[in-house]
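> Could you have a look at this structure, given as structure tokens, before my questions?
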Amino acid sequence: MTTQTKHHIPWYLWPFAAIWKLLAVIVELTGRLVAMVLGIVLMIVGVIVSLTVIGAIVGLPLAIVGLLLFLKGIF
């Protein structure tokens, strides 16, 4: 098990810590946005590829992976 320790940040380093936390939130949200956009693109490509019978072998799993990626980005 991991234990979380709360580190006390000295008052003179607080602005740097606040900027670091803000950047971490922005990177996390950007990653979720990229996952959602990539999921939508994979779903669209999967549906387009699966319009043919032979392409359905690749298209349906591609669309399912896109849907799962999109859902992971939301939640």
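> Could we say that Pro61 is part of a helix (DSSP H, G or I), surrounded by fewer than 11 Cβ atoms within 10 Å (Cβ to Cβ), of a type outside the set (S, T, N, Q) and more than 17 Å from the chain's Cα centre (by Cα) here? So that I can check it myself, show each step before the final result.
Working: part of a helix (DSSP H, G or I): yes; surrounded by fewer than 11 Cβ atoms within 10 Å (Cβ to Cβ): no; of a type outside the set (S, T, N, Q): yes; more than 17 Å from the chain's Cα centre (by Cα): yes.
In short, no.
> For Lys72, indicate whether it is in contact with a helix residue (DSSP H, G or I) (Cβ under 9 Å, 6 or more places away or on another chain), basic (Lys, Arg) and at pLDDT below 90.
Details: in contact with a helix residue (DSSP H, G or I) (Cβ under 9 Å, 6 or more places away or on another chain): yes; basic (Lys, Arg): yes; at pLDDT below 90: yes.
Yes.
> Just for segment 25-58: of the residues that are touching a Gly at 6+ places or on another chain (Cβ under 6 Å) and part of a helix (DSSP H, G or I), which one is most open to solvent (accessible area, probe 1.4 Å)?
For segment 25-58, the residue satisfying everything is Arg32.
The values are calculated or read from the model by the stated rules, or taken from the named source; none is laboratory data. The model shown is predicted, which means the values in this text are computed figures rather than measured ones. Don't worry about glycine lacking a Cβ; one is built from the backbone with ideal geometry, like all the others, and counts go over all protein chains shown. These area figures cover heavy atoms from the full protein model, side chains too; ligands, DNA and RNA do not enter into them. Shrake-Rupley method; radii C 1.70, N 1.55, O 1.52, S 1.80 Å.
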